Amino acid sequence: MIKDFIKRAKNGESVYISEVRDAFLCFDSKVECIIETTTGETKTWDIHIPEACDMEESKFIRRYFFSNIYNIISTYGGKQLVIKYDEDAGHIKELCAALNDTFQVKSGHADRSGYGKCLNVTDRINAAFGYPPFRFVLTSDKAGNKVNNQNGKTADSKACNDAIQKYKKAVKASSDAVLIGLDIGGTDIKAVGTISGNIAALLEYDWNPASMTRVSEMTGAIEFVLSELCSKLGADNIPDGIGIGFPDVIINNKIVGGETLKTRGMRKASADYEAEFAKLLDIDKLLLKYCKPNAVINKTNDGSLAAFTAAVELAHCDRADEIKNGVFAHTLGTELGTGWVDENGEIPQIPLEIYNCVIDLGNYPACEYKPFDLRSTLNFNTEIAGTMQKYASQSGAYRLALEFFEKEAPDIYEKLFEKGFIEEKENGIYVVVSPTDMRKPFLGYIMKLADDGQPQAKKIFREIGKYLAATWLETEFLLNPAAKNRILYGRFVKSQKCFTLMQEGASELFELSRKGEKYYKNEQSYEGDISYEAGDNNLAFTPLMKQLKSTPNYTVAQFAQSIGAIHFAAM
């Protein structure tokens, strides 16, 4: 079994962590993982771990084990992670003993790398809640029966009605105010200004925050967008509030993550990154300069904003009953954003850094390239291979384009260089970002080819659909949300054909899991209907979203989250 996984990985095939997890259920030896979150919740998972027959298998199993632990911490953070294992299982005892060193628990933030990076975010969150840094607690008590995490329970009708009323109240409040919504991404900032429930200004501003070396550059760009939008609104219309979707971990309205691609330039350039990053805490003061006295600045992660946006729209149509299961959403753009509004209408106060989670333990050849080489599967921030950041994202589309076009459509492969989308330098292939940032045009070109029926381009989006299905299986293991469907926002869903291709790819992998083919044992598979829905014109039910739908030069797929930010400000 393990030899087959390794053979596939050497051949450049994906070996999904969900597939391996299901396969390893046949082994009795396991650990029990119990995370204690900063909000007082306890979550439990069992991880079955076989004994290796040789060094090659040992390396694969170690990566599997540490990736599971890394995914749990990246999703939940936590005060501590208790690991229960059987003292008699020597191979497991050895893995557990290596956790502190592997995750660099005792190292400073600047000295951590790889798996240890997730603890930087966790420690910042713990500090915000007044708790000490994260720790592992190892106990040789035999792992007991698996405790079923309770996320998947449906809320009662009262909770559902309360959530619906909360969303409707926010929409009503937005009709009586001057508000601004900012959707801050890794490639652009999209902004909307509304006056008394009417869209008065829209603005899209391209930027590259990963290249910035100081917080002042980032906040300066945001302030420029805000000042331009306020100018469009007119001097007499001072905002009552601003809603922001920001690409980082936000807990209790504070930006506390600091380990994303967007802040990579600052991390590398700053002598004291913690002090530099802390300046983002003052962003409210900067934005309030453009607002009325006592105005509100409401911030949330951009993925969370996507889920909130969808929930508000659903609350205003005949599908409002779906809110009882909560809403789970992804944004597909520079990276993969993830958002979750639970069954009670609340955004869980956890990192939810799903883009950082490992889904693929395979494709060894792609692990050999440098992180920014378009052929690489290494995470930009951690250099861990196989994370969602490089799969269901524009990076995933770029990598697949190079692979499929070079092998099967060399004429198109050469055009990528001729058109100036990519360049070869420093023993690698990179997307061109200077003097003109070609990231959006490159993705647009690939999508246009798929729209026109080009076979390899269509294959790219089917493959991304498989990555989305693997993401679904991993979030099911980690979070077990009652909401099983996923609503997708971002550039990828602007094209109905590309979206359909992604649905086809997802269905293919789901069927593999359902039927128990290969090594899937159906332990984590879901037997109900799984679907993906595009956050486009078909999900426009509030007055503001309907106005956006009828705007000739802009689309719901582009600016939906900016409208969602308006409603978030009105909360």
State all residues of segment 228-257 that are under 29 Å from the mean Cα position of the chain (by Cα), crowded, with 19+ Cβ neighbours inside 10 Å and outside any loop (DSSP other than H, G, I, E, B); if no residue qualifies, say none. Leu229, Gly241, Ile242, Gly243, Ile244, Gly245, Phe246, Ile250, Ile251, Ile255
Need the failing condition index for Leu374 against (1) open to solvent by less than 10 Å² (accessible area, probe 1.4 Å); (2) of a type in the set (A, V, I, L, M); (3) in a loop (DSSP other than H, G, I, E, B), just the number. (1)
For residues in segment 340-357 being surrounded by fewer than 24 Cβ atoms within 10 Å (Cβ to Cβ) and among the β-branched types (Val, Ile, Thr), which is nearest to Ile61 (Cα to Cα)? Ile350
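Ser434 - would you say it is part of a helix (DSSP H, G or I) and either free of Cβ contacts under 8 Å to residues at least 24 places away in the same chain or within 17 Å of Asn363 (Cα to Cα) (or both)? Break it down into steps so the answer makes sense when it comes.
Values: part of a helix (DSSP H, G or I): no; either free of Cβ contacts under 8 Å to residues at least 24 places away in the same chain or within 17 Å of Asn363 (Cα to Cα) (or both): yes.
Judged against the criteria, Ser434 is not a match.
Suppose we filter Phe541, Phe492, Phe568 for residues that are of a type in the set (Phe, Trp, Tyr), modelled with pLDDT of 95 or more and either within 30 Å of Cys26 (Cβ to Cβ) or crowded, with 21+ Cβ neighbours inside 10 Å (or both); which single one remains? Don't jump to the end; show me each part of the working.
Working: Phe541 fails: either within 30 Å of Cys26 (Cβ to Cβ) or crowded, with 21+ Cβ neighbours inside 10 Å (or both); Phe492 fails: modelled with pLDDT of 95 or more.
The unique qualifying residue is Phe568.
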If I ask for residues that are of a type in the set (A, V, I, L, M) and either open to solvent by 20 Å² or more (accessible area, probe 1.4 Å) or within 18 Å of Lys279 (Cβ to Cβ) (or both), which ones from segment 197-227 would you list? Ile199, Ala200, Leu202, Leu203, Ala210, Met212, Val215, Met218, Ala221, Ile222, Leu226
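Please specify each residue of segment 180-216 satisfying the condition of being more than 30 Å from Tyr355 (Cα to Cα) and aliphatic (A, V, I, L, M). Give the steps one after another, and end with the answer.
Narrowing segment 180-216 to residues more than 30 Å from Tyr355 (Cα to Cα): 194-201.
Scanning segment 180-216 gives Ile195, Ile199, Ala200, Ala201.
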Please work out which residue is modelled with the highest pLDDT, limiting yourself to segment 293-333 and to residues that are open to solvent by 20 Å² or more (accessible area, probe 1.4 Å) and among the acidic types (Asp, Glu). Asp318
The helices (runs of 4 or more DSSP H) lying entirely within segment 12-130 that contain at least 1 residues which are open to solvent by 40 Å² or more (accessible area, probe 1.4 Å) and modelled with pLDDT under 95 are 90-97, 117-128
Which residue is surrounded by the most Cβ atoms within 10 Å (Cβ to Cβ), if the candidates are limited to segment 148-183 and must be among the β-branched types (Val, Ile, Thr) and at pLDDT 95 or above? Ile180
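Of Leu416, Leu374, Leu378, Leu400, which residue is closer than 23 Å to Glu56 by Cβ, of a type in the set (A, V, I, L, M, F, W, C) and touching a residue at least 12 places away in the same chain (Cβ under 8 Å)? Explain how you work it out, then say what you get.
Values: Leu416 fails: closer than 23 Å to Glu56 by Cβ; Leu374 fails: closer than 23 Å to Glu56 by Cβ; Leu400 fails: closer than 23 Å to Glu56 by Cβ.
Only one candidate passes the filter, namely Leu378.
Could you go through segment 407-425 and let me know if any residue there is open to solvent by 30 Å² or more (accessible area, probe 1.4 Å) and of a type in the set (A, V, I, L, M, F, W, C). Give the derivation first.
Of all residues in segment 407-425, those open to solvent by 30 Å² or more (accessible area, probe 1.4 Å) come to 407-408, 410-411, 414-415, 417-419, 423-425.
Within this subset, residues satisfying the condition of being of a type in the set (A, V, I, L, M, F, W, C) are 417.
Scanning segment 407-425, I find at least one residue that is open to solvent by 30 Å² or more (accessible area, probe 1.4 Å) and of a type in the set (A, V, I, L, M, F, W, C), so the answer is yes.
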Odd one out for Leu336 among (1) modelled with pLDDT under 95; (2) closer than 24 Å to Tyr398 by Cβ; (3) surrounded by fewer than 24 Cβ atoms within 10 Å (Cβ to Cβ): (3)
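Anything in segment 473-502 that is part of a strand (DSSP E or B) and basic (Lys, Arg)? List them, or say none. Steps first, please.
As a first pass, look at segment 473-502 and keep what is part of a strand (DSSP E or B): 486-490.
Matches in segment 473-502: Arg486 only.
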So which residues in segment 318-364 are farther than 17 Å from Gly185 by Cβ and among the small types (Gly, Ala, Ser), if there are any at all? Ala320, Gly326, Gly345, Gly362
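Just need a number here: residues in segment 367-410 that are hydroxyl-bearing (Ser, Thr, Tyr) and out of contact with any Lys or Arg (no Cβ under 9 Å at 6 or more places or on another chain). Steps first, please.
Keep residues of segment 367-410 that are hydroxyl-bearing (Ser, Thr, Tyr), which gives 369, 376-377, 382, 387, 391, 393, 395, 398.
Add one more test, that the residue is out of contact with any Lys or Arg (no Cβ under 9 Å at 6 or more places or on another chain), and what stays is 387, 393, 395.
Counting residues in segment 367-410 that are hydroxyl-bearing (Ser, Thr, Tyr) and out of contact with any Lys or Arg (no Cβ under 9 Å at 6 or more places or on another chain) gives 3.
Check every one of the strands (runs of 3 or more DSSP E) wholly within segment 282-366 and list those with 1 or more residues that are more than 20 Å from Ile222 (Cα to Cα). If you could, list the steps in order and put the result at the bottom.
Details: elements: 296-301, 327-332, 336-341.
Answer list for segment 282-366: 327-332, 336-341.
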So Glu36, is it out of contact with any strand residue (DSSP E or B) (no Cβ under 8 Å at 6 or more places or on another chain) and touching a residue at least 40 places away in the same chain (Cβ under 8 Å): no
Segment 180-193 residues that are touching a residue at least 60 places away in the same chain (Cβ under 8 Å), paired with ones that are hydroxyl-bearing (Ser, Thr, Tyr) and assigned to a strand (DSSP E or B) (beta carbon under 7 Å, 6 or more apart): Asp188/Tyr205
If Glu383 passes every condition in (1) surrounded by fewer than 16 Cβ atoms within 10 Å (Cβ to Cβ); (2) without any contact (Cβ under 8 Å) to a residue 60 or more places away in the chain but one, which one does it miss? (2)
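How about segment 446-462: which of its residues are in a helix (DSSP H, G or I) and open to solvent by 40 Å² or more (accessible area, probe 1.4 Å)?
Lys448, Asp451, Pro455, Lys458, Lys459, Arg462
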What single numbered condition from (1) within 19 Å of the chain's Cα centre (by Cα); (2) modelled with pLDDT of 95 or more fails to hold for Asn381? (2)
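Condition test on Val20, is it within 22 Å of Leu473 (Cβ to Cβ) and aliphatic (A, V, I, L, M)?
Numbers: within 22 Å of Leu473 (Cβ to Cβ): yes; aliphatic (A, V, I, L, M): yes.
Against the criterion (within 22 Å of Leu473 (Cβ to Cβ) and aliphatic (A, V, I, L, M)), Val20 qualifies.
The values are calculated or read from the model by the stated rules, or taken from the named source; none is laboratory data. Not measured: the values here are computed from a predicted model. Note: ideal-geometry Cβ built from the backbone for every residue, glycine included; neighbour counts use all protein chains shown. Remember, those area values only see protein heavy atoms, side chains included, never the ligands or the DNA or RNA. Shrake-Rupley method; radii C 1.70, N 1.55, O 1.52, S 1.80 Å.
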